Amino acid sequence: MQSFPGFPAGKQTLIKVPNTFFTELLPAIDDLAELKVTLHCIWLLSHKQGDLRYTRLVEIAADDRFMAGLDPQPAQAVAALRRGLELAEGRGVLLRVQVRQSGEEEAWYFLNSEHGRDAVERIRQGDLHSLAEPLPEQISLQAQRPHIYLLYEQNIGLIQPMLAEELRDAERTYPQSWLEEAFRIAVELNVRNWKYIRTILERWAAEGKDHGIDQRHDAEDDSYEALKRRYVPEGYEDIIVH
């Protein structure tokens, strides 16, 4: 372990870290990459000026010392950085704006503060050019968290960090209409459980979406409890059905 010689004497530049980081976030964060990336982004964004204060993966990855602290292996460090950003976004600490320029996409990350939320909202309203000039030509913006995060939070509750990556995988795997309907079915049947929703999606992928659930009102045995049992993950029968 490399020892720390202590903070130097004299005046130093300080940054503001909200109290809620220590009272709400720090006790909840259980992934080291998420913790490091969150603190690094707070530090980076605190040094930004103007209305458009954001950071990017390439900007963070350019800090060799920080990346080496994530992992000595460069490829593993980038993977840890991506995971940390994804977890911080899933937790709601960072707001992501997807940027398309000259046919390529990248993400801009804003701090979920009053200033960051205001900037993202103005971007949503098409007010980007009043935030910063000049900007590259042919740039389009879509400011949003992953749709599946919104579905989960609206219908189930807060997203746990371990689940954030699985939700993103599901969003990349299944059509948005499937996700919306699977969540709706779970809510209608009062089974607000991701494993249940995931089983619905997996069964649709294996059997075809129009098999079974879309015809549930026509089948004689499609009672309320029968519908629940149809999509119960193995091992969860007693927990979900009863």
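The values are calculated or read from the model by the stated rules, or taken from the named source; none is laboratory data. What you see is a predicted model, and the numbers here were worked out from it, not measured in a lab. Here the Cβ positions follow ideal geometry from the backbone for every residue, glycine too, while neighbour counts run over all protein chains shown.
For this structure, a couple of remarks:
- Some residue of region 65-74 being within 18 Å of the chain's Cα centre (by Cα) and not polar (S, T, N, Q): no
- Flag if Val17 is of a type outside the set (Asp, Glu), surrounded by 10 or more Cβ atoms within 10 Å (Cβ to Cβ) and either in a strand (DSSP E or B) or more than 21 Å from the chain's Cα centre (by Cα) (or both): yes
- Verdict on Arg96 being within 21 Å of Ile123 (Cβ to Cβ), surrounded by fewer than 19 Cβ atoms within 10 Å (Cβ to Cβ) and in contact with a strand residue (DSSP E or B) (Cβ under 7 Å, 6 or more places away or on another chain): no
- Only residues that are buried (at least 18 other Cβ atoms within 10 Å of the Cβ) and of a type outside the set (Gly, Ala, Ser) were counted in region 166-180, giving 3.
- Region 153-180 residues that are outside any helix (DSSP H, G or I) and among the aromatic types (Phe, Trp, Tyr), paired with ones that are loosely packed, with under 14 Cβ neighbours inside 10 Å and modelled with pLDDT of 85 or more (beta carbon under 9 Å, 6 or more apart): Tyr174/Ala205
- Qualifying residue in region 206-219 (condition: of a type outside the set (D, E, K, R), modelled with pLDDT under 90, assigned to a helix (DSSP H, G or I) and crowded, with 18+ Cβ neighbours inside 10 Å): yes
- Filtering region 228-241 for residues that are modelled with pLDDT of 55 or more and part of a helix (DSSP H, G or I) leaves a non-empty set.
- Figure legend. Inter-residue proximity from region 49-70: first residues within 15 Å of Leu39 (Cβ to Cβ), second residues of a type in the set (Gly, Ala, Ser), beta-carbon distance below 8 Å, spacing 6+ or different chains. Indicated pairs: Met67/Ala61; Met67/Ala77; Leu70/Ala33; Leu70/Ala77; Leu70/Ala80; Leu70/Gly84.
- Residues (modelled with pLDDT of 80 or more and either among the small types (Gly, Ala, Ser) or more than 11 Å from the chain's Cα centre (by Cα) (or both)) located in region 124-151: Leu151
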